[in-house]
Ligand SMILES: Nc1ncnc2c1ncn2[C@@H]1O[C@H](COP(=O)(O)OP(=O)(O)O)[C@@H](O)[C@H]1O
Ligand SMILES: [Mg+2]
């Protein structure tokens, strides 16, 4: 449903993405990993229309969307989160979703919003709180909820698990699985925690310095020398490096 064909994105002289060819199937969950600065967020920006490709193509359900502005891509079904949650702080959770829904398909769908509120665990806080007062895990859930409210066929999740402690992370993973099942949406998830990637993703793609260096089932990809090498030297805190080097 999504096809990237030799995608190239440049910032001045720097090619942040180079020759990236990658497909995502309808309803699939694809993990996207790689060291900091590899180009993961830039790939999301190129798919969602926040940055323009210097070369190559982005196709959604066979349609060339490479030159399309961001809101038009949202309307065709590209939904995304941002690495730092960006709620409309003065509005309630429900109002945030109504605004997001308007930005996406442009149709009011109260039943869908109720389902999203329920499945993200935000129903109890839907009207009571201004979104600015939510805890981190709730803000992250709201970020996912807003993206889902746009009625995406493809959902791009940028490090939505980052900063959550172990129990909260596990709850969040379960929530994502529930959302995926209910809405049958294709997902690309950027995540550093390889255990989470193994749980969520039958397939993973690895970016390094703007190039796609591997893709396939996590248990195979994480053993590839090129993948292990790209994580070496990024520091002992890197869970992917640790796990890749320990097999
Ligand atoms: N708007 C921008 N302007 C200039 N350089 C950018 C911009 N966005 C990203 N970059 C650069 O592109 C590279 C990839 O960044 P990014 O996609 O954020 O990496 P990742 O999400 O994998 O950590 C980095 O070198 C980063 O500094
Ligand atoms: Mg990033």
Select from the stretch 193-212 the residues that are within 16 Å of ligand 2 (Cβ to nearest atom) and in a helix (DSSP H, G or I) and list them in ascending order. 196, 197
Flagged in the stretch 9-28 as assigned to a strand (DSSP E or B) and either surrounded by fewer than 14 Cβ atoms within 10 Å (Cβ to Cβ) or out of contact with any helix residue (DSSP H, G or I) (no Cβ under 9 Å at 6 or more places or on another chain) (or both), in numbering order, are 10, 11, 14, 15, 18, 19, 21, 23, 24
Residue 52 vs (1) surrounded by 15 or more Cβ atoms within 10 Å (Cβ to Cβ); (2) in a loop (DSSP other than H, G, I, E, B); (3) within 16 Å of ligand 1 (Cβ to nearest atom): all pass except (1)
Scanning the stretch 148-172 for residues that are within 16 Å of ligand 2 (Cβ to nearest atom) and more than 9 Å from the chain's Cα centre (by Cα), which turns out nearest to residue 102 (Cα to Cα)? 161
Scanning for something surrounded by fewer than 21 Cβ atoms within 10 Å (Cβ to Cβ), within 16 Å of ligand 1 (Cβ to nearest atom) and within 18 Å of the chain's Cα centre (by Cα), does the stretch 58-71 turn up at least one residue? yes
Is there any pair linking a residue in the stretch 35-48 that is farther than 17 Å from residue 147 by Cα to one that is more than 6 Å from ligand 1 (Cβ to nearest atom) and in a helix (DSSP H, G or I), with Cβ under 7 Å and at least six apart or on different chains, and which? 35/230; 35/231
Return yes when residue 74 is away from ligand 2 (no atom under 16 Å from the Cβ), assigned to a loop (DSSP other than H, G, I, E, B), in contact (Cβ under 8 Å) with a residue 40 or more places away in the chain and buried (at least 17 other Cβ atoms within 10 Å of the Cβ) and no when it is not. no
Please list, ordered by first then second residue, the pairs with beta carbon atoms under 6 Å, 6 or more apart or interchain, first in the stretch 111-137 and surrounded by fewer than 13 Cβ atoms within 10 Å (Cβ to Cβ), second at pLDDT 90 or above and not in a loop (DSSP other than H, G, I, E, B). 127/92; 127/94
Is it true that residue 140 is under 15 Å from residue 85 (Cα atoms), within 16 Å of ligand 2 (Cβ to nearest atom), under 22 Å from the mean Cα position of the chain (by Cα) and buried (at least 23 other Cβ atoms within 10 Å of the Cβ)? yes
Give me the pairs: first residue in the stretch 181-194 and under 14 Å from residue 147 (Cβ atoms), second residue within 13 Å of ligand 1 (Cβ to nearest atom) and not in a strand (DSSP E or B), beta-carbon distance under 6 Å, and six or more apart or on different chains, which are they? 190/40; 190/159
Being in contact with a helix residue (DSSP H, G or I) (Cβ under 8 Å, 6 or more places away or on another chain), modelled with pLDDT of 95 or more and within 16 Å of ligand 2 (Cβ to nearest atom) narrows it down to one residue among 31, 49; which is it? 31
Could you grab me the full set of residues in the stretch 4-28 that are within 16 Å of ligand 2 (Cβ to nearest atom) and within 21 Å of residue 226 (Cα to Cα)? 16, 17, 20
For residue 77, the lone unmet condition from (1) at pLDDT 90 or above; (2) farther than 11 Å from residue 149 by Cα; (3) touching a strand residue (DSSP E or B) at 6+ places or on another chain (Cβ under 7 Å) is (2)
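The values are calculated or read from the model by the stated rules, or taken from the named source; none is laboratory data. The shown structure was predicted, so the numbers you read here are calculated from the model rather than taken from an experiment. Positions of Cβ are backbone-derived with ideal geometry, glycine not excepted, and every protein chain shown enters the neighbour counts.
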